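The values are calculated or read from the model by the stated rules, or taken from the named source; none is laboratory data. The shown structure was predicted, so the numbers you read here are calculated from the model rather than taken from an experiment. Cβ placement follows ideal geometry from the backbone for every residue including glycine, while neighbour counts extend to all protein chains displayed. Surface areas here come from the heavy atoms of the whole protein model, side chains and all, with no ligands, DNA or RNA. Shrake-Rupley method; radii C 1.70, N 1.55, O 1.52, S 1.80 Å.
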Amino acid sequence: MRRIGLAVLITVVSLIAPFDPLAGEGTKGWYLLEPPVDETSNVLFGILNQAPLTQWNRIATYDTACEYKRNEAVQASRDETLRLSKTSPLPKLEIFKGAYRDSGLANASICVTANDPRLTSGSTR
C-alpha cells in the first residue's frame, strides 16, 4: 500500500468525486485512472505507467470529461510537494518520497471514456 501525506490525501479527496462502485462497466461516462504501483521498485517510485489499462486503478467516475479534475489533482500534488519543501524542520525522507510518488501518480493519471476498448482484458495500452 502506498503512503501519502495526510494533507495531499485530504486535498485530493476533496477535489475528486467519490468512486461509485455501482456504476456499470457499460455506462456512458469517464474514468480517472492512475497506474498501479510496484512497492518493491524504487525506479520512478514504482509507478508502472506502461501497464495495460486493465491493471490501472479507477480513482473516480464522472458524467463528463474529467481532465479538469485531473489537472486540479496534479496541481494539488505539486502544491503539497512545494509546501513540504518549505517546512522547517524538513519532513522525513519517507514523507518526501510519498509526496513525489503522489505527484508522479497524478501526472501519470489519465481520463478515459467508460467504453474505451483498452479497458477490456484483451486490450493493451
> In region 36-55, which residue that is closer than 18 Å to Thr120 by Cα and in contact (Cβ under 8 Å) with a residue 24 or more places away in the chain is surrounded by the most Cβ atoms within 10 Å (Cβ to Cβ)?
Replying inline: Leu53
>> Just the residues that are in contact with a Cys (Cβ under 9 Å, 6 or more places away or on another chain) and not in a strand (DSSP E or B), please, taken from region 35-67.
In response: Ala65, Cys66, Glu67
>> Here's a check for you: in region 108-117, which residue that is touching a residue at least 60 places away in the same chain (Cβ under 8 Å) and out of contact with any strand residue (DSSP E or B) (no Cβ under 7 Å at 6 or more places or on another chain) is surrounded by the most Cβ atoms within 10 Å (Cβ to Cβ)?
In response: Asp116
> Which of the residues belonging to region 52-83 are among the aliphatic types (A, V, I, L, M) and more than 15 Å from the chain's Cα centre (by Cα)?
Replying inline: Ala65, Leu82
> Here are Leu33, Leu105: which of them is touching a strand residue (DSSP E or B) at 6+ places or on another chain (Cβ under 8 Å), open to solvent by less than 60 Å² (accessible area, probe 1.4 Å) and modelled with pLDDT of 95 or more?
Replying inline: Leu33
> From the residues in region 65-94 that are at pLDDT below 90 and among the aliphatic types (A, V, I, L, M), which one is surrounded by the fewest Cβ atoms within 10 Å (Cβ to Cβ)?
Replying inline: Leu93
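So that you can scan it fast, the table gives a plain yes or no per residue for (1) of a type in the set (S, T, N, Q); (2) more than 24 Å from Arg118 (Cα to Cα):
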site	(1), (2)
Asn42	yes, yes
Lys69	no, no
Glu72	no, yes
Ser77	yes, yes
Arg83	no, yes
Lys92	no, yes
Ala99	no, yes
